[in-house]
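**Student:** Would you mind keeping the following structure in view while I ask a few things?
The values are calculated or read from the model by the stated rules, or taken from the named source; none is laboratory data. The model shown is predicted, which means the values in this text are computed figures rather than measured ones. Note: ideal-geometry Cβ built from the backbone for every residue, glycine included; neighbour counts use all protein chains shown.
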Amino acid sequence: MKKILLSLAVFWGGYLANAQEYFPKNDGVHTVNSNYTVLKNAVVHTTPGKKIKKGTVVIHKGKITAVGTSVTIPKNSVVIDVEGKHIYPSFIDVYTSFGIEKPKGKGGSPFGGNPQYGASREGYYWNDHIRPETNALASFKYDNKKAKELLGQGFGVVNTHVPDGIARGTGLLVALNNEAKESERLLSDRSAQFFSFEKSKKSRQLYPTSLMGSIALLRQMYHDVSWYESGNAATKDLALEALNRNKSLPQIFEAGSRINTFRADKVGDQFNIQYVLVGGGDEYARIANVKATNATYVLPLNFPDAYDVSDPYQAGLVSLGDMRHWNQAPTNPAVLKKNGVPFSLSTIKLKKANSFLAKVKKAIQYGLDKETALAALTTVPAKILGRTKDLGEIKTGAYANFLITSGELFADDNIIYENWVQGKKHTVKEMGIKDISGIYDLAIEGTTYNLDISGKSEAPKVAVKSGEITLGSKITYKEGWVSILFTDKDAAISKYTRLIAAVTPDKNITGKAILPDGTETTFTARFKEAKKKEKETKKKDKKETPEIVDVSYPNIAYGNESLPKQEDILFKNATVWTNEAEGVLSTTDVLIKGGKIVAIGKNLSPRGAKVIDATGKHLTSGIIDEHSHIAAAAINEAGHNSSAEVTIEDVVSPDDIDIYRNLAGGVTSIQILHGSANPIGGRSAILKLKWGESAEHLIYDKTPKFIKFALGENVKQSNWPSYSRFPQTRMGVEQLYMDYFTRAKEYDQLKKSGKPYRRDDEMETLAEILNGERFISCHSYVQSEINMLMKVAEKFDFRVNTFTHILEGYKVADKMAAHGVGGSTFSDWWAYKYEVNDAIPYNAAIMHNQGVTVAINSDDAEMSRRLNQEAAKSVKYGGVSEEDAWKFVTLNPAKLLHIDDRVGSIKVGKDADVVLWSDHPLSIYTKAEKTIIEGKVYFDIEKDIQKRKDIKAEKNKLIAMMLKAKNKGLKTQPAKKKEKQHFECETLESVHQ
Amino acid sequence: MKNIIVIILMLFVSIHINAQQTPADTQKEAVTIEGATAHIGNGEVIENSVIIFENGKITAVAKQGSVTPKGKVIKAIGKHVYPGFIAPNSTLGLVEIGAVRASNDEEEIGSFNPHIRSIIAYNAESKIVESMRPNGVLMSQITPRGGRISGTSSIVQLDAWNWEDATIKGDDGIHLNWPSTFTRGRWWLGEDPGYKANKKYAEQISKLDEFFVNAVANNSDAATIQNLPYHAMKGLFNGKQTLFVHVDTEKGILDAIRFASKHKVNKMVIVGGSEAYKVAKTLKENNIGVLVNRTHSLPDFEDEDYDQPYKNAKLLVDAGVLVALQNSGDMERANARNLPFQAGTVAAHGLDKEKAVQLITGNAAKILGVADQVGTLAVGKDATLFISEGDALDMRTNLLSEAFIQGRAISLESHQTKLWKRYSKKYSK
């Protein structure tokens, strides 16, 4: 089969309709139909926004040969008069897996047993999830049933592919021509190249285990293909060859969600590739960023059903964010249109393809104009596929792919009668059914009844009256025959009169009647008058645009209606913790202007700034958490023992409520570290917690470069059954570092020599460490390994920047001070595993006393919002002075992160990242009242109270709307709470990407 | 700086003559603490107090001058005295190192395990147990985990040679993990990973029902062949034991209350109760106490107030419910020493400071049914108390100079202080 299909593909050319002309024929004579088909008197919508009244369309051999009002009709034409009907180009879905069986995985955790680290295939890329050589044709089987469903919804052409893997190979463009053979309906066997962030189900190769790993793998793949292309590779790689071959095709990326479209676009930007982005339907909530991608989007129309909130206990599960999405999702296409983002619409993510048109109509009800809707289904997908010449429009030379409809395409009462594909008619609903509605006098054997037929012509309703009494009745009307059944006057008796008649052009209906006693006779229904149509008022009622609640940034509870504005503020009479030589100043004013601290002193004049009375309150610089895992979509890339190529910056999640909660705890900056699954982890993201901003605005400008390393039980995989990955001991960990740094050094030397080299993101990162451009924050516990890493670093002539956790730092504090490394530790965690048996809460104090720069960190979304309390424990455990203890969570982490020139103290010229506390900042009784970053108030305890009220009110309103939807009989889904994964170092798997 | 450390070290050494880890001897001589601010544990404070204890029991708590000091006198002017803090619903001594399976004795297999008794596995010599004492946590309820009915807890004091000596009240209560009203999708099987209504909720309650009626039937005839699980339930129906129902949701709490009353359970307590504040009135009317969820935790829902866990206890106190704190959850054993700071956090979020003290003293004792012995500074009660340099609910001033359990002057040393001293000494050379 494969071979046949492939050879067919090769033969595909200009001969579509006649592709089999030269095939031997043994079952009859050769028949070639060279007649023309002509449709006339239609309203022809050639392209969105353009229509020809009384238009004619001429079709020959599957293509349109003429369109217009005065076209020459060839003599050998079959002419069809479609008076009053509309003709539209049929739809194109650029993103489907039509005719492809979805690959199934084996299930189970990929970490269990002995994970597979290497690739399963030979002659291909080193990673099984890169499969650009996949040709969808090899697993394609035309699906008649599905095609019928799609034809019914207006689709004429679909683009299909194998939805499996990160690089998924090429797709097929298929016309939904059920009666044809592949030779005819296969429009392209290499229509586009497909990508996603999801691994292949066909392989259990572990890497990548995370979203950031998928992103890094894509990058490396692109580096490798250009290396391969320039002929430098010594070995054969069929995957890279395919990738190269596919580069001129449209590149379609299934991102799956708004934020992932940004991530995909960023990869594309780096390699000069503009992906077509398959989105998530939630693009409306950060539309400016969507626009900034400059991409064409493919949108799903999977608008959520209302949640069933009739049980108040269950209703409590549904978050404001999810409620809003129910309300706002149908506006998504309209919002993209309003902002000038091109898009096509797809059946992707719809459970039933036959709900597609209803969803398009819903989008229109929610503000999408009909012209854009049509374009999104015709010209835009044609453009995406580079097929504007022959698809998406009704024009000469294009495929004869069009719909014949009763009226305006997206009108509520419109009917699609026929969907023509490649000049072949597919009937959706019978056309030309005679409208038999009207009021008739029905006469049977001398008895007269009043017969009232109403409703749609193809599905009429009936009422039969005998005098004033309405009889029970039923009508069936199909294939030109009408049959009516009605009861006797006495409803208690089961007696029926049955009528059957063929419908003729005559206004009256005459046929056979069978009386209740079985007697057969004739009847005549004499047409009296037509029915009045009463639709108009009803229609208007339906078109009312539903109430849409406002989007906030982020679009969840506690989001900002608009992003906070920079303010100039004068804090009067505060106790100011400067963290500088001045120490703690009482009754002091601090002026912030233009996002900076501009003056500190007594009796400062406001100079136009807003004055805040801070009497009795304390003003400090914002808390900095050296070790955080909030606001990230992934933490560990556990697929390799080194993952220096991955970066958390790729997976920053700006919509995490924990950002807001951190702000409420006085935190303004954090380092999101990679986890501790491997000795060489991934690169960090250093953020300012600007709640509401998008990911790239959270990351520090000119951010210092960091990477996570890890030692001990986690990297040797001691606490779960995994025995196949090197290293399994601390001895192995040392040699792993020796190996990687040796190789990185060689790599760097080669690179600097100017000779050709294969760009390797992992080696680039490690070389940055060797060159002092990137800093290590190393997860560490016991003294032996701490000492070891310092010695390894010294061998390679660099310094470890920070040991994080560093619970036995107190045992080697003198060595740490000598090496010049900082310590970022927990205040008092211990006993959760063997290597923290000797962890003591005095650790910070001892290291501090030995001259080590000490920070207290959280590694925990909960503790991070109480870091002031954790710092205060250093006063208890080891007698650190309050001023020094405070620096443990402000100035010292700023130093360790190399951002102390910008933040970490209250000093003129530094960023206005400050916190106003109700009390002494180290007191258990204090609360952050205002948390300010660069002069913008991101948390205000008073506004928080207002927000709580607003959330309640808005939820109440949305609940009422959902209850109304349920009462109207609309479908609902059970109330549920979305999974929220809280990460810490040891979290092995990233969120179900 | 080094000098300061040395001075601090010397202070420490001079105060604590007792050998580390060795349980203190029985009180022989009367002790009087003079001049301290006494936090009684019932909401009251006595400034310039005199506290006297003899033979392990408190014999006087009064304003200075109203009673004559006796025996050894400790001058504590400017200092604070508190009843020993109590950590309910803990697994102290049941697990030493979380990740080392061999050191783990907290959870038995099976669903209905009322006969499983925590006390016999309690390791009185745990390094974690001794680390509680320097922060004022001197008593705990040792509670097994897992199953529908986890087992039977006991209440101990934290300075003992063995579990028998440690016991304040053996087999005080039975712990029931109420069926969840919600379940999580098993994402690894391709299910939606969110939380949804638990479809088996009613079925799980009916299994519990069955167990309880059988337990009652079995216990009503002494001649019946012994069934250990049923027999272990006896105390719930004769008033000797408390039913601790671990449940968080509003609906679950209401169902649990109806369940307990249906089965004529004498005394019940809610453990967890994240949403208990929503049914505070019912809890008060039914005289049901709450061991509320860890204060230092994140809100359960995205839309919740950021300080919801901080203020849960306060909301219940305000509604007249008897509340104490407990600390079950991640790393619960090591973190149990932070109980005073959790109480402090509740105070930061609106509760009166003395009421916050009650959350880990008097209220806890009442809820655990040991208020006749411990929980407040009152004549006749155990002399289990400590002296702190300052406010014991604040990290900076929670600095214990002396602590007593049943009148015995206990060591405030630990594995951790030993290491601190050892390495401080190394660097001071």
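**Student:** Which one of these is on the phi < 0 side of the Ramachandran plot and modelled with pLDDT under 95: A:E883, A:E984, A:E954, A:E942?
**Tutor:** Details: A:E883 fails: modelled with pLDDT under 95; A:E954 fails: modelled with pLDDT under 95; A:E942 fails: modelled with pLDDT under 95.
One residue alone meets the criteria, A:E984.
**Student:** Still on this structure, I have one more. Considering only residues that are among the basic types (K, R) and buried (at least 19 other Cβ atoms within 10 Å of the Cβ), look in region A:703-724 and name the one that is farthest from the other protein chains (Cβ to nearest Cβ).
**Tutor:** The extreme case among them is A:K708.
**Student:** Moving to a separate point now. Check off (1) without any contact (Cβ under 8 Å) to a residue 40 or more places away in the chain; (2) within 11 Å of chain B (Cβ to nearest Cβ); (3) farther than 30 Å from A:A677 by Cβ for A:K943 and give me the number that stays unchecked.
**Tutor:** The number of the failed condition is (2).
**Student:** Please enumerate the residues belonging to region A:631-683 that are within 20 Å of the chain's Cα centre (by Cα) and hydrophobic (A, V, I, L, M, F, W, C).
**Tutor:** A:A631, A:A632, A:A633, A:A634, A:I635, A:I648, A:V651, A:V652, A:I657
**Student:** Name every residue in region A:343-363 that is closer than 23 Å to A:N555 by Cβ and more than 16 Å from the chain's Cα centre (by Cα), in order of residue number.
**Tutor:** A:K359, A:K362, A:A363
**Student:** Among the candidates A:D441, A:D452, single out the residue that is assigned to a strand (DSSP E or B) and either surrounded by 15 or more Cβ atoms within 10 Å (Cβ to Cβ) or at pLDDT below 85 (or both).
**Tutor:** Numbers: A:D441 fails: either surrounded by 15 or more Cβ atoms within 10 Å (Cβ to Cβ) or at pLDDT below 85 (or both).
Exactly one residue qualifies, and that residue is A:D452.
**Student:** Within region B:332-354, work out how many residues are within 13 Å of B:K311 (Cα to Cα) and either more than 9 Å from every other protein chain (Cβ to nearest Cβ) or among the small types (G, A, S) (or both).
**Tutor:** Residues in region B:332-354 being within 13 Å of B:K311 (Cα to Cα) and either more than 9 Å from every other protein chain (Cβ to nearest Cβ) or among the small types (G, A, S) (or both): 9 in total.
**Student:** Next question. Every residue in region A:764-805 that is surrounded by 20 or more Cβ atoms within 10 Å (Cβ to Cβ), assigned to a loop (DSSP other than H, G, I, E, B) and not polar (S, T, N, Q), please.
**Tutor:** A:R774, A:Y781, A:V782, A:V800
**Student:** Among the residues of region A:502-516, is there at least one that is within 26 Å of A:N414 (Cα to Cα), at pLDDT below 90 and of a type in the set (A, V, I, L, M)?
**Tutor:** For region A:502-516, residues within 26 Å of A:N414 (Cα to Cα), at pLDDT below 90 and of a type in the set (A, V, I, L, M): present.
**Student:** Yes or no: region B:78-88 includes at least one residue that is among the basic types (K, R) and either touching a residue at least 12 places away in the same chain (Cβ under 8 Å) or within 22 Å of B:V271 (Cβ to Cβ) (or both).
**Tutor:** Yes: one or more hits.
**Student:** Test each condition in (1) surrounded by fewer than 24 Cβ atoms within 10 Å (Cβ to Cβ); (2) within 13 Å of chain B (Cβ to nearest Cβ); (3) in contact with a strand residue (DSSP E or B) (Cβ under 9 Å, 6 or more places away or on another chain) for A:G935 and report the one that comes out false.
**Tutor:** Exception for A:G935: condition (2).
**Student:** When you go through (1) within 14 Å of chain B (Cβ to nearest Cβ); (2) of a type in the set (G, A, S); (3) in a strand (DSSP E or B) one by one for A:S676, which number turns out not to apply?
**Tutor:** In the conditions (1) within 14 Å of chain B (Cβ to nearest Cβ); (2) of a type in the set (G, A, S); (3) in a strand (DSSP E or B), A:S676 misses (3) alone.
**Student:** State yes or no: is A:L301 crowded, with 17+ Cβ neighbours inside 10 Å, touching a strand residue (DSSP E or B) at 6+ places or on another chain (Cβ under 9 Å), at pLDDT 95 or above and part of a loop (DSSP other than H, G, I, E, B)?
**Tutor:** Details: crowded, with 17+ Cβ neighbours inside 10 Å: yes; touching a strand residue (DSSP E or B) at 6+ places or on another chain (Cβ under 9 Å): yes; at pLDDT 95 or above: yes; part of a loop (DSSP other than H, G, I, E, B): yes.
Yes: the conditions hold for A:L301.
**Student:** Taking into account only those residues within region A:744-763 that are in contact (Cβ under 8 Å) with a residue 12 or more places away in the chain and in a helix (DSSP H, G or I), which is farthest from A:I680 (Cα to Cα)?
**Tutor:** First pass over region A:744-763, keeping only residues in contact (Cβ under 8 Å) with a residue 12 or more places away in the chain: A:744-745, A:747-748, A:751, A:756, A:758-763.
Retained after the next criterion (residues that are in a helix (DSSP H, G or I)): A:744-745, A:747-748, A:751, A:761-763.
Values: A:A744: 13, A:K745: 16, A:Y747: 17, A:D748: 18, A:K751: 22, A:D761: 13, A:E762: 10, A:M763: 11 Å.
Selected residue: A:K751.
**Student:** Is it true that B:A365 is out of contact with any helix residue (DSSP H, G or I) (no Cβ under 9 Å at 6 or more places or on another chain) and away from chain A (no Cβ under 14 Å)?
**Tutor:** Spelling it out, B:A365 is indeed out of contact with any helix residue (DSSP H, G or I) (no Cβ under 9 Å at 6 or more places or on another chain) and away from chain A (no Cβ under 14 Å).
**Student:** Any idea how many residues of region B:368-396 are free of Cβ contacts under 8 Å to residues at least 60 places away in the same chain and within 14 Å of chain A (Cβ to nearest Cβ)? Walk me through how you get there before you give the answer.
**Tutor:** Here is the first cut: in region B:368-396, the residues free of Cβ contacts under 8 Å to residues at least 60 places away in the same chain are B:371-372, B:393-396.
Add one more test, that the residue is within 14 Å of chain A (Cβ to nearest Cβ), and what stays is B:393-396.
Here the count works out to 4.
**Student:** With a cut-off of at least 3 residues that are surrounded by 15 or more Cβ atoms within 10 Å (Cβ to Cβ), more than 14 Å from chain A (Cβ to nearest Cβ) and in contact with a helix residue (DSSP H, G or I) (Cβ under 7 Å, 6 or more places away or on another chain), name the strands (runs of 3 or more DSSP E) lying wholly within region B:169-288. Give the steps one after another, and end with the answer.
**Tutor:** Numbers: elements: B:182-184, B:195-197, B:242-247, B:268-272.
Result: B:268-272.
**Student:** Another question about this same structure. Scan region A:388-400 and give yes if some residue there is surrounded by fewer than 21 Cβ atoms within 10 Å (Cβ to Cβ), among the polar types (S, T, N, Q), at pLDDT 95 or above and part of a loop (DSSP other than H, G, I, E, B), otherwise no.
**Tutor:** For region A:388-400, residues surrounded by fewer than 21 Cβ atoms within 10 Å (Cβ to Cβ), among the polar types (S, T, N, Q), at pLDDT 95 or above and part of a loop (DSSP other than H, G, I, E, B): present.
**Student:** Which count do you get for residues in region A:818-838 that are farther than 19 Å from A:G879 by Cβ and either outside any helix (DSSP H, G or I) or hydrophobic (A, V, I, L, M, F, W, C) (or both)?
**Tutor:** 13
Conditions (1) away from chain B (no Cβ under 14 Å); (2) buried (at least 24 other Cβ atoms within 10 Å of the Cβ); (3) part of a strand (DSSP E or B); (4) not basic (K, R), marked per residue:
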{"position": "A:E637", "(1), (2), (3), (4)": "yes, yes, no, yes"}
{"position": "A:I659", "(1), (2), (3), (4)": "no, yes, no, yes"}
{"position": "A:N662", "(1), (2), (3), (4)": "no, yes, no, yes"}
{"position": "A:I670", "(1), (2), (3), (4)": "yes, yes, yes, yes"}
{"position": "A:L687", "(1), (2), (3), (4)": "yes, yes, yes, yes"}
{"position": "A:L736", "(1), (2), (3), (4)": "yes, no, no, yes"}
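**Student:** Out of A:I548, A:I597, report the one residue that is at pLDDT 95 or above, touching a Leu at 6+ places or on another chain (Cβ under 8 Å) and among the hydrophobic types (A, V, I, L, M, F, W, C).
**Tutor:** A:I597
**Student:** In this structure, does A:P330 turn out to be in contact with a Phe, Trp or Tyr (Cβ under 6 Å, 6 or more places away or on another chain) and either without any contact (Cβ under 8 Å) to a residue 60 or more places away in the chain or not charged (D, E, K, R) (or both)? So that I can check it myself, show each step before the final result.
**Tutor:** Details: in contact with a Phe, Trp or Tyr (Cβ under 6 Å, 6 or more places away or on another chain): yes; either without any contact (Cβ under 8 Å) to a residue 60 or more places away in the chain or not charged (D, E, K, R) (or both): yes.
Considered against the rule, which asks whether it is in contact with a Phe, Trp or Tyr (Cβ under 6 Å, 6 or more places away or on another chain) and either without any contact (Cβ under 8 Å) to a residue 60 or more places away in the chain or not charged (D, E, K, R) (or both), A:P330 comes out as yes.
**Student:** Is it true that some residue in region A:145-154 is crowded, with 24+ Cβ neighbours inside 10 Å, out of contact with any Phe, Trp or Tyr (no Cβ under 7 Å at 6 or more places or on another chain) and closer than 27 Å to A:K424 by Cβ?
**Tutor:** yes
**Student:** Select from region A:846-860 the residues that are crowded, with 24+ Cβ neighbours inside 10 Å and within 8 Å of another protein chain (Cβ to nearest Cβ) and write down the one among them that is farthest from B:R294 (Cα to Cα).
**Tutor:** A:N849
**Student:** Answer yes or no as to whether A:N868 is within 13 Å of chain B (Cβ to nearest Cβ), in contact with a strand residue (DSSP E or B) (Cβ under 6 Å, 6 or more places away or on another chain) and buried (at least 24 other Cβ atoms within 10 Å of the Cβ). Reasoning before the result, please.
**Tutor:** Details: within 13 Å of chain B (Cβ to nearest Cβ): yes; in contact with a strand residue (DSSP E or B) (Cβ under 6 Å, 6 or more places away or on another chain): no; buried (at least 24 other Cβ atoms within 10 Å of the Cβ): yes.
Spelling it out, it is not the case that A:N868 is within 13 Å of chain B (Cβ to nearest Cβ), in contact with a strand residue (DSSP E or B) (Cβ under 6 Å, 6 or more places away or on another chain) and buried (at least 24 other Cβ atoms within 10 Å of the Cβ).
**Student:** Restricting attention to region A:81-124, which residues are in a strand (DSSP E or B) and either at pLDDT below 95 or within 14 Å of chain B (Cβ to nearest Cβ) (or both)?
**Tutor:** Matches in region A:81-124: A:D81, A:Q116.
**Student:** Output the qualifying pairs, or none if there are none: Cβ atoms under 7 angstrom, residues six or more apart or on different chains, first residue in region B:112-140 and aromatic (F, W, Y), second residue assigned to a helix (DSSP H, G or I) and crowded, with 23+ Cβ neighbours inside 10 Å.
**Tutor:** Going by the 7 Å Cβ cut-off, the qualifying pairs are B:Y122/B:A166.
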